[in-house]
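Asks: Handing you this structure, nothing more for now.
What follows draws every value from the coordinates through simple rules; no lab data is involved. Keep in mind that this is a model prediction, so the values were computed, not measured. Backbone-built Cβ (ideal geometry, glycine too); neighbour counts: all protein chains shown.
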């Protein structure tokens, strides 16, 4: 009985095998000839309108680190963190005692040099008078000698006096040049330097703003290059962000935009584009944008904000965003040609929520695949649903 059962099972298996093999062959044949079901949309001319957001933190329109131009002991600090200051307002006073003493010496040196110059000028005038008188005497005696009314000895004597007068005049001129040249110039230059140094002991704010940092106290030494105070102008605030490359041509300096500040919901602030960067900030073709916002007094640096642009792109071929694929940085779509698809590279413009502008690669009337795009390869057969 056991042997007969085994024989019966083997007969059953052999009888069903041809049907199984036939079924597998039929499925394989059907697979090679299958068509991918897809939905398509016809590309058409038009424009895309979308909202672009630039988000970031608000920063002061100008921030200045204020330091000393010369070393010195701090006598007083006239501002605290949070104080509002005006341009030209005194913030830090350095010690001036030593400079004041040097200034007095410098003023005395200039006064002495001017006195010397004045005396040298007087000497030149006196020497010129003596020279003129000697020349007149010489000319008179020479005339007498020529007419036989005076001797040659008399002429030689007045000639010697003329030479002495000329030498005296030339020496006085040189002394005057020295007195009014290097002597007085050096004294005045030294005095002017002291005045500049004395002026630099009073450190003032170069801008209107708010003191945001203080690094010095009375009695400490200030050193050039080391910030003492920081003043920020928050009368206007800057919002910096980036936009995609296709947005750049649609933004212009001076363009107005509405700005939302997260800390003040429900209130809109007016902003203006002040800069659209000419160079991308990353390999992702993102370009910097700067927006200036007038501060009515309630905005603070550091608050997060969002500028919203409603932009309409240039006219182009409009297709659904679902049709797009990216491969190694190349955008492409599948265009239906007969019962197959062709992989077609495209150059894109402005993107909307569900539509995108194509500037190159498609024409109006092309049928682009918008479903099962991930399943397709170039020249695959498709069936339009």
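Asks: How much FRET efficiency would the formula 1/(1 + (r/R0)^6) give for residue 149 and residue 115, where r is the Cβ-Cβ distance and R0 is 51 Å, rounded to 0.05?
Replies: Between residue 149 and residue 115 the formula returns 0.60.
Asks: Computed FRET efficiency, Cβ-Cβ of residue 372 and residue 331, R0 22 Å: what is it to the nearest 0.05?
Replies: 0.75
Asks: Any idea how far apart residue 84 and residue 163 come out in nm if each label point goes 7 Å out from Cα toward Cβ?
Replies: 8.4
Asks: Kindly express, to the nearest 10 degrees and within the range 0 to 90, the angle between helix 2-32's C-alpha long axis and the longest C-alpha principal axis of the chain.
Replies: Relative to the chain, helix 2-32 is tipped by roughly 50 degrees.
Asks: Further, regarding this structure: Can you give the angle from 0 to 90° between the axis of helix 152-178 and the longest principal axis of the chain, with both taken from C-alpha atoms, to the nearest 10?
Replies: Helix 152-178 sits at roughly 30 degrees to that axis.
Asks: Taking 0.36 nm per residue of separation and subtracting the Cα-Cα distance, what length does fully extending residue 70 through residue 188 add?
Replies: Gain in length upon complete extension: 40.4 nm.
Asks: Could you compute the FRET efficiency for residue 314 and residue 274, with r as their C-beta to C-beta distance and R0 at 25 Å, rounded to 0.05?
Replies: The pair residue 314/residue 274 has a calculated efficiency of 0.55.
Asks: Something else now. Evaluate the distance, in nm, between pseudo-label points positioned 7 Å from the Cα of residue 97 and of residue 353 along their respective Cα→Cβ axes.
Replies: 7.5
Asks: (1) 25.6; (2) 31.8; (3) 22.7: which one is Kirkwood radius over Cα pairs in Å as calculated from this entry?
Replies: Label (2) holds the value from this structure.
Asks: Please compute the modelled spin-label separation between residue 364 and residue 139, points set 7 Å along Cα→Cβ, answer in nm with one decimal.
Replies: Between residue 139 and residue 364, the simple spin-label model gives 10.4 nm.
Asks: Follow-up. Taking the 0 to 90 degree range and rounding to the nearest ten, how far is the long axis of helix 97-146 tilted relative to the main principal axis of the chain, both from C-alpha atoms?
Replies: Compared with the principal axis, the helix lies near 50 degrees.
Asks: Subtracting the Cα-Cα distance from 0.36 nm times the residue separation, let me have the gained length for residue 174 to residue 384 in nm, one decimal.
Replies: Residue separation times 0.36 nm, minus the Cα-Cα distance, leaves 64.9 nm.
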